[in-house]
Amino acid sequence: MNVDLISEPSALTALCERIAAAPRIALDTEFHTEKHFTPKLMVVQVAFDDAVAIVDPLALPDLRPLADALTGATVVGHALSSDLRILEDAFQTLPLDAYDTQIAAAFCGYGMSISLLDLVRDVAGVTLLKSQTVSDWSTRPFTPRQVEYLVDDVRYLFAVADRLNEKLVTRGRLSWALEEMRTLVDPRTYRSDKRRLYLRVAGNARMNRRELGVLNELALLREMIARERNIPLKYVLPDDVLVGLVGLRPTTVEELSQLRRLDAGMRKHIGTRILSAVAAGLAIPEDELPPRAPRPLGAQRDALVAAVALLINAVAAANDLPAALLVSRVEIERIARDLPQTPGELSALLDLTPWRRDLVVGPLWEFLGGERVLRISGYGDGLPKTTWETRLEESLASE
């Protein structure tokens, strides 16, 4: 297989032309997250049927042509969300379509987080040498072992995808997997709700709605500055400083000196911006203030959440699927808070895709209504199996 290092604009142009003509490409990236708000892209690997291109972002003045070329491409990758998040964040673009071998593997019974190494070994019969997992990708030139690692990350993706597709067709789950993968090319998957940043700040649970309004404006400012400087949020304003600012509600830069963790340099450079954020939070109309975080459920409803989670796990196991693919913890807690009273209300509350609804809603409603119970069989034989049964089935099994 040919391997080309793309470090000149002319070579990048030729690569983009080939991407535009290819029915599909394999894609992977290497990036560093340390000391950055947005992961710093170090390498991009693009594979075709007969060649691999290793793109060097550190040598190229602009990767926009590559991002634009990918907007018309069908991309195959493993655990693609991290790679595509970088594209969306840096260029506000995403590929036309995406096929994620990790998602496909989950629907084939491999679990939710199988590694590429294990998947290639099981599906393609090839053992990869993952000796550069923690390599420093900022160093140049690449060593032969680094190049081998970069190539291995993409060279088998087509073969793995094709084999998984066969398995999905056999199981009747191809449409399920493709539906899940469509979220990978939806920009909303990677964009946080700017109205709810306050929920990420430790200490928000003790605040009233006005204070939460101020906190969210400060969190917005923190993210803006972190993005401008490309540094982690904690290097701008730690959570406890945000909470302190909410309590202080400063109106002058001099007042900021009351917070000992807000040093003179920070007060000088962003002091006026902090004051503007506080003022913006105080000016939010009453009916537009953010809601408080949900209160704790209490012992009985916590027990309900745990019981429903057991049922979801049993349904997932019976269908050889990861439980996380069916219903999330947040959705289970929503059931415990809202207590839907009909199967229709339950289905509407969960708002599941059709295949999830078909698997989950019936057993879950019968379980919530006491018509079905969970039962463990085979424990004494060392082969435990959790099933959900009607009371009659349970009675017959116990006789």
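The values are calculated or read from the model by the stated rules, or taken from the named source; none is laboratory data. Worth saying up front: this structure is predicted, and the values here are computed from it rather than measured. So basically every Cβ, Gly included, is an ideal-geometry build from the backbone, and we count neighbours across all protein chains shown.
Mind checking which residues of region 116-135 are surrounded by fewer than 17 Cβ atoms within 10 Å (Cβ to Cβ) and free of Cβ contacts under 8 Å to residues at least 24 places away in the same chain?
Answer for region 116-135, where residues must be surrounded by fewer than 17 Cβ atoms within 10 Å (Cβ to Cβ) and free of Cβ contacts under 8 Å to residues at least 24 places away in the same chain: ASP118, ARG121, ASP122, GLY125, THR127, LEU129, LYS130, SER131, THR133, VAL134.
List the pairs whose first member sits in region 185-206 and is closer than 15 Å to PRO290 by Cα, whose second member is hydroxyl-bearing (Ser, Thr, Tyr), and whose Cβ atoms are under 7 Å apart, counting only residues at least 6 apart or on separate chains?
ASN204/TYR198
What pairs can you find where one residue is in region 32-57 and in the same structural domain as ARG85 (by TED's automatic domain parsing) and closer than 30 Å to LYS234 by Cβ, the other is surrounded by fewer than 20 Cβ atoms within 10 Å (Cβ to Cβ) and among the small types (Gly, Ala, Ser), and their Cβ atoms are less than 7 Å apart, with a gap of 6+ or different chains?
Correct list of pairs: HIS32/SER138; PHE37/ALA226; THR38/ALA90; MET42/SER138.
Which pairs turn up if I take residues in region 98-110 that are free of Cβ contacts under 8 Å to residues at least 60 places away in the same chain and look for partners that are surrounded by 24 or more Cβ atoms within 10 Å (Cβ to Cβ) and not in a helix (DSSP H, G or I) with beta carbon separation below 9 Å, at least 6 apart in sequence or on another chain?
If the second residue must be surrounded by 24 or more Cβ atoms within 10 Å (Cβ to Cβ) and not in a helix (DSSP H, G or I), the pairs left are GLN102/GLY77; GLN102/HIS78; ALA105/HIS78.
Testing ALA299 on (1) surrounded by 11 or more Cβ atoms within 10 Å (Cβ to Cβ); (2) over 24 Å from the mean Cα position of the chain (by Cα); (3) among the hydrophobic types (A, V, I, L, M, F, W, C); (4) over 22 Å from ALA202 (Cα atoms), one condition comes back false. Which one is that?
Result: ALA299 passes all but (1).
Which ones in region 337-374 are on the phi > 0 side of the Ramachandran plot and at pLDDT 95 or above? Reasoning before the result, please.
Our first condition is that a residue be on the phi > 0 side of the Ramachandran plot; within region 337-374, this holds for 339, 351, 370.
Answer for region 337-374, where residues must be on the phi > 0 side of the Ramachandran plot and at pLDDT 95 or above: just LEU339.
Output the number of residues of region 217-235 satisfying the condition of being under 22 Å from the mean Cα position of the chain (by Cα) and either at pLDDT 95 or above or part of a helix (DSSP H, G or I) (or both).
First, pick out the residues of region 217-235 that are under 22 Å from the mean Cα position of the chain (by Cα): 219-220, 222-224, 226-227, 230-234.
Remaining after also requiring either at pLDDT 95 or above or part of a helix (DSSP H, G or I) (or both): 219-220, 222-224, 226-227, 233-234.
Result for region 217-235: 9.
Tally up the residues in region 8-23 that are in a helix (DSSP H, G or I), within 15 Å of ALA73 (Cα to Cα) and either touching a residue at least 24 places away in the same chain (Cβ under 8 Å) or of a type outside the set (A, V, I, L, M) (or both), please.
6
Can you tell me how many residues within region 212-240 are closer than 16 Å to LEU259 by Cα, of a type outside the set (A, V, I, L, M) and surrounded by 17 or more Cβ atoms within 10 Å (Cβ to Cβ)?
1
Consider only pairs whose beta carbons are under 8 Å apart and that are at least six residues apart or on different chains; among these, list those whose first residue lies in region 353-367 and is over 20 Å from MET181 (Cα atoms) and assigned by TED's automatic domain parsing to the domain that holds LEU310 and whose second residue is of a type outside the set (A, V, I, L, M, F, W, C) and buried (at least 17 other Cβ atoms within 10 Å of the Cβ).
Close Cβ pairs satisfying both conditions: VAL361/SER347; PRO363/ARG372; GLU366/ARG372.
For the subset of region 63-115 comprising residues that are crowded, with 20+ Cβ neighbours inside 10 Å and among the polar types (S, T, N, Q), which member is nearest to TYR156 (Cα to Cα)?
THR101
Could you look through region 155-182, keep only residues that are aromatic (Phe, Trp, Tyr) and part of a helix (DSSP H, G or I), and pick out the one that is surrounded by the most Cβ atoms within 10 Å (Cβ to Cβ)?
TRP176
So which residues in region 308-338 are free of Cβ contacts under 8 Å to residues at least 12 places away in the same chain and surrounded by 13 or more Cβ atoms within 10 Å (Cβ to Cβ)?
Result: ALA316, SER328.
Just checking, how many residues over region 62-111 are assigned to a loop (DSSP other than H, G, I, E, B) and more than 26 Å from MET224 (Cβ to Cβ)?
Residues that pass the stated criteria total 11.
Hey, GLY344 hits all of (1) under 19 Å from ALA307 (Cα atoms); (2) surrounded by fewer than 16 Cβ atoms within 10 Å (Cβ to Cβ); (3) of a type in the set (Gly, Ala, Ser) but one; which does it fall short on?
Looking at each condition in turn, GLY344 falls short on (1).
For ARG249, are the conditions met, namely being over 19 Å from ALA219 (Cβ atoms), surrounded by fewer than 17 Cβ atoms within 10 Å (Cβ to Cβ), basic (Lys, Arg) and over 34 Å from the mean Cα position of the chain (by Cα)?
Against the criterion (over 19 Å from ALA219 (Cβ atoms), surrounded by fewer than 17 Cβ atoms within 10 Å (Cβ to Cβ), basic (Lys, Arg) and over 34 Å from the mean Cα position of the chain (by Cα)), ARG249 does not qualify.
May I ask you to say which residue of ASP136, ASP122 is of a type outside the set (Ser, Thr, Tyr) and either at pLDDT 95 or above or part of a helix (DSSP H, G or I) (or both)?
Criteria check complete, one pass: ASP122.
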